[in-house]
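Here is the structure we will look at.
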Amino acid sequence: MAAEKPVDREASLLMAATMVVSIVGILLGIVLLFVNTDVAVRVAAAILVGCVGIISFFRHSIYGRSDQVRMGWRQDYPEFKMEVGFANLAVGFWAIVAAIFNWGPLVCGLVLLIYATYLLCALFIHLSEARAWEDLHIPAHRQRAVLSIVSTGIFVLVLLVFGGIAVARSGIIPFLSV
């Protein structure tokens, strides 16, 4: 019996969940900035790093083949996708722990900045892939590449802003206290 060809259904649903969770986390974080900065940072760490990281773990590791189809990647070895998923899980797990146990703005800020750095590196991969991808003349491929670059770029920027606010809030940078 031949193996079924993987489809992108599961990964697409998980990516949609990632987008929805990200939007909720960004909006909630912004609203909470006007109420309580420390709570805003904890919520941003928990949702934008914790929840997004754990969903990304499932997308990359558990449903890696589906995610490969969704992204248009051609890869025979799932180990790389597993490693990327575990990196998301590791950072996401500690973000949730830091937020739940209120380890303070410095730890939450560092988790936000670490995830921002990780995703900034992923953004460079997406940019390189888009520049070298031979199928960008196909509108659907070009649209996917542009959407990936823009959405990842915006998300990295948001993580950097919340992380910067958190680090400034922690008081370790004297001229940047918030």
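The values are calculated or read from the model by the stated rules, or taken from the named source; none is laboratory data. Values in this document were obtained by computation on a predicted structure and should not be read as measured data. Every residue, glycine as well, gets a Cβ built from its backbone with ideal geometry; the counts of neighbours run over all protein chains shown.
Looking across Val41, Val84, Val69, one residue alone is among the aliphatic types (A, V, I, L, M) and farther than 30 Å from Ala130 by Cβ. It is Val41. Kindly indicate whether Val31 is surrounded by 20 or more Cβ atoms within 10 Å (Cβ to Cβ) and under 29 Å from Val167 (Cβ atoms). The answer is no for Val31. In segment 130-148, the qualifying residues are those that are over 15 Å from the mean Cα position of the chain (by Cα) and within 22 Å of Leu160 (Cβ to Cβ), and the one that is modelled with the lowest pLDDT is Ala130. Checking the structure you have, find out if any residue of segment 59-78 is at pLDDT 90 or above, within 19 Å of Leu160 (Cα to Cα) and under 12 Å from the mean Cα position of the chain (by Cα). No, because not a single residue in segment 59-78 is at pLDDT 90 or above, within 19 Å of Leu160 (Cα to Cα) and under 12 Å from the mean Cα position of the chain (by Cα).
Checking each residue in segment 80-90 for being in contact with a helix residue (DSSP H, G or I) (Cβ under 7 Å, 6 or more places away or on another chain) and either acidic (Asp, Glu) or crowded, with 22+ Cβ neighbours inside 10 Å (or both) picks out Gly85, Asn88.
Among residues of segment 91-111 being part of a helix (DSSP H, G or I) and not hydrophobic (A, V, I, L, M, F, W, C), the one that is surrounded by the most Cβ atoms within 10 Å (Cβ to Cβ) is Pro105.
For every residue, the table says whether it meets (1) over 21 Å from Val111 (Cα atoms); (2) not hydrophobic (A, V, I, L, M, F, W, C).
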residue	(1), (2)
Ala16	yes, no
Ile26	no, no
Val31	no, no
Phe34	yes, no
Arg65	yes, yes
Arg74	yes, yes
Ala90	no, no
